[in-house]
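What follows is a short report on a single structure.
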Amino acid sequence: MEHTPILIVLVPLTSALLIPFLAMGGGRFARAGLLFATAGSLLSSILALRASLEGEVLSYHVGGWPPPWGIEIVIDPLSGVMATLVSFLAVLAAFYSGPYLSGWTARRTGTFCSLFALLVTGLQGIVVTGDLFNLYVFLEISSISAYALLSSGGSKSVVAVFRYLLIGTVAASFYLIGVGYLYAMTGTLNMADMAARLPETSDSPVIVVAVSFIVIGLAIKAALFPLHGWLPDTYTYAPGPVIGFVAAVMTKVSAYALYRILFYVFVAGTGPREPLLLLGWASVIAVVAGSLMALAQKDVQRMLAYSSIGQMGYIMLGIAIGTPLALTGALLHVVNHAVMKGCLFMVVNGVQWRLGVFRVRDFAGMGRRLPLTMAAFTVAALSMIGLPPTAGFFSKYYLALAALESGYIPFLAALILSSLLGAVYFFRVLEKVYLSPENVEKTRDTSELPLPMLAPILTLAVLVLLLGVFNQTVVTELIQPGLPS
Amino acid sequence: MEAETLSVVNYWLAASLFLIGLYGILARPHLVRKLMAMNILQVAVIVFFIILGYKSDATPPIVRQGDETPIARNYINPLPHTLMLTAIVVSVSTTGVALALLIRIHRRFGTLDESELIEKLK
C-alpha cells in the first residue's frame, strides 16, 4: 500500500521491458503482458485516487530521497483522476487492439505491445510526478514511444511523424529552457518547493520569460492553434490500434501539465497574467478555426483530428480564464473529451478495419450495417456538439458560464459559434449514417465489429451518458477537489 | 567584472545556437539538415544548463581531505550538469528514432528533399 504511487509508473515500465521476452513465446503472451501492464496501472491509480479523495495527499519519495533533493511522486485528487483516466483508456485500447494484432507476427506484436506500455509509462509519469525535470523526461519517453507507434501506419505516416518529431523536440526544448530559468531563479526543481519560493521573485522579468517558454512548449505538445501543425497529418495516417488512445489522452496530458504548472507552481493568479491572456485569445481562434477546418474535411478521421484542435481550444480557454468555474469546466472537458474522442476514433478505425472505408460519403447507410457501433458514434457525436444530457453539454456549460461571469464576451461567442459548427459537421456524417442508402459493395463482410473492439466502444459511449447524467456527483466528488486551493 | 562579461557572452552564445537551430528546422529544405538543426537546438539547451552551473575559480564538488568547513562558493553546482546527462540521452534517442524514420522515407520515396516529398505525396 505504501508503494502504490510508484506502481502506477513502475508496472507499465517493467512490463515494457519484459514484453519483448514474452513475445518469444508467441504473440498472445505479449498481449497478456500489455493487458497486465495497463490493468496494473489502472488498479494502482484507483487505489491511490481513493486514498487521496479521503483528504490525504500521497507523497512518495523515489529511492528514499526526501524532496526537494529527490524526485517526489504526488497523488492529489487531480493527478489521481488523471492517472485513472489515462490507465482506464489504456486498458480499453489494449482490448481494442486485439483483432489488429491477431494477424501480426509474434515479433511485431511484441514490439507494438512494448512500445504501448512505454507510452502509458510516459503519460502516467507526467501525471504523477512532482518534479519539473522529471516531467521533461517522462514527456520525452511518451513522445518517443508515440513517434515509433504512430509511424507504423504506412509510408505517409512516416513523413507525418518525422515532422511531428521535429516539432515535438522543439516543444520539449522550449519547456526545458523555461525550467532552466526557473531553476536559476529558485534553485529547486520540486514543484511544491518552487511554489513556496517563487513569490520572493514574482516580479522579476525572468519569471515572465520562463512562463512564456513553458507555455509555448506545452501548447505545442497540446496542439493549441496556431501551434497545431503536426496534428492533422499524424492523426490521419496513424495506425488503427493506437490512435484511439493517443488522440484521447496525449494532448490532454500536456494540457494537464500546463494546468499543473500554471496553478500549482505559480500559485493561482499570482503568476504573470500576460501569457495567460495571450493563451486565451489563441484558444478562441483555435476553437473557431478547428471547427471550420473540420467542416471542410472529406476524410472522417481528419475531420476528427481538426475537431480535436477545436476541443483543445476549449480546455485552454478554461485554463486562460482561470476562475474556479472556468477551471472546473476545463478539467471536466479534459475527462469528457478523452472519453468521447476515444470513442469516436475507435469507431472510425473499426469501420476502416472492417470495411476499408474512411470518407464521409462512404458512411452512407452504415447505421443498418453496424447498428451498435453507430449508436455509440451518435452518442459521442451528440456529446461533442454539446446536447444535454450527454457529458459534453456540461463542460461547455461551465465554460460558457465562466466566460460570461468574467466578462469575456468574445470568448462566449466563440464557444457558441463552435458548437453550431460542430453540429453541422457531425450531422453531416450522421445524416449519411442513418438517412442515405448503402453504397459499399455487398461482397464484403458486413457483420458487427468483433467483441474486443465493440466492448471498449460501447463502454465509452455508456460512460459519455453516465458522465452527463451523474454530472453533479462527478463535479463535486472528483473535479472540484482538484482545483487549486 | 571580466568574469561577468564572459558569462554574458556565454548566454548569448547559447541563445544564438538556439536560434540557428530553430532557423535550420524551419528554413532548410533537406530533412537530414533539419535533423542536424534539431540537434544544434538541443545542444543549445545543454550549453545553457551547463553555463548555469558554472563558476570561475571553483572546483568539482568533491570535498578535499582535511577541509573541515567546506564553503559552497568554492564548488561548482553539479545538478544542472547531471540533468544534462539525462538530456543528452534523450537527445541521442530522439536522433536515433529520427534516423530510422529517415531511412524508411528514403527507401519508400527515394528522396529526402521536402518539396520533392510533398510532390510525391500528392
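Just so you know, all these numbers are worked out from the coordinates, no wet-lab data involved. Computed from a predicted structure; not experimentally measured. Here the Cβ is made from the backbone with ideal geometry for all residues, glycine too, and neighbour counts use every protein chain on show.
General observations
- Membrane-span-like helices in chain A, defined here as complete DSSP H runs extending at least 18 Å along the helix axis by their C-alpha atoms with mean Kyte-Doolittle hydropathy no lower than 1.6, are A:4-22, A:77-96, A:205-221, A:274-295, A:371-385, A:409-435, A:451-469; this is a sequence and geometry rule, not a statement about a membrane.
- Per residue of the protein assembly as shown, the DSSP helices (runs of n ≥ 4 H) give a summed -39500 (n - 2.57) that works out to -25000 deg cm²/dmol at 222 nm.
- Test item: B:82-88 mean partner chain Cβ contacts at 10 Å: 3
- Residue by residue along B:110-119, Cβ atoms of other protein chains within 10 Å of the local Cβ number 1 on average.
- Least to most buried among B:THR86, A:THR251 (fewest other Cβ within 10 Å first): B:THR86, A:THR251
- In segment A:398-478, chymotrypsin sites (Phe, Trp or Tyr not before Pro) in a DSSP loop with at most 16 other beta-carbon atoms within 10 Å: A:PHE470
- Long hydrophobic helices in chain B, taken as whole DSSP H segments with a C-alpha length of 30 Å or more on their own axis and mean Kyte-Doolittle hydropathy at least 1.0: B:2-27, B:31-53, B:79-109.
- Sorted fewest first by neighbouring Cβ atoms within 10 angstrom, B:ILE20, B:ILE40 come out as B:ILE20, B:ILE40.
- Alpha-carbon centroids, segment A:46-76 and segment B:6-73: separation in whole Å: 33
- Spatially proximal aspartates and glutamates relative to B:LYS122 (Cα-Cα < 19 Å; intrachain offsets below 8 disregarded): A:ASP233, A:ASP299, B:ASP113, B:GLU114
- Of the residues A:ASN349, A:VAL474, A:PRO199, the one whose Cα sits farthest towards the positive end of the charge dipole of the protein assembly as shown is A:ASN349 (charges of +1 on Lys and Arg Cβ, -1 on Asp and Glu Cβ, taken about the Cα centre).
- Dipole magnitude for the protein assembly as shown: about 2300 debye, using +1 per Lys or Arg Cβ and -1 per Asp or Glu Cβ, origin at the Cα centre.
- Chain A: Lys pairs at Cα distance under 17 angstrom, eight or more positions apart or on different chains: 5
- GluC sites (Glu not before Pro) restricted to segment B:1-98 and DSSP loop, no more than 10 other C-beta within 10 Å: B:GLU68
- Counting Lys and Arg as +1 and Asp and Glu as -1 over every other residue whose Cβ lies under 13 Å from the Cβ of A:PRO66, the net charge comes to -3.
- Here the residues B:LEU79, A:LEU101, ranked from fewest to most Cβ neighbours within 10 Å of their Cβ, fall in the order B:LEU79, A:LEU101.
- Placing +1 on each Lys and Arg Cβ and -1 on each Asp and Glu Cβ, with no other charges, gives chain B a dipole about its Cα centre of roughly 720 debye.
- Cα-based shape type of chain A, given that a ≥ b ≥ c are square roots of the gyration tensor eigenvalues and the cut on a/c is 1.5: oblate
- GluC sites (Glu not before Pro) lying in DSSP loop within segment A:42-78, provided at most 11 other Cβ fall within 10 Å: A:GLU54, A:GLU56
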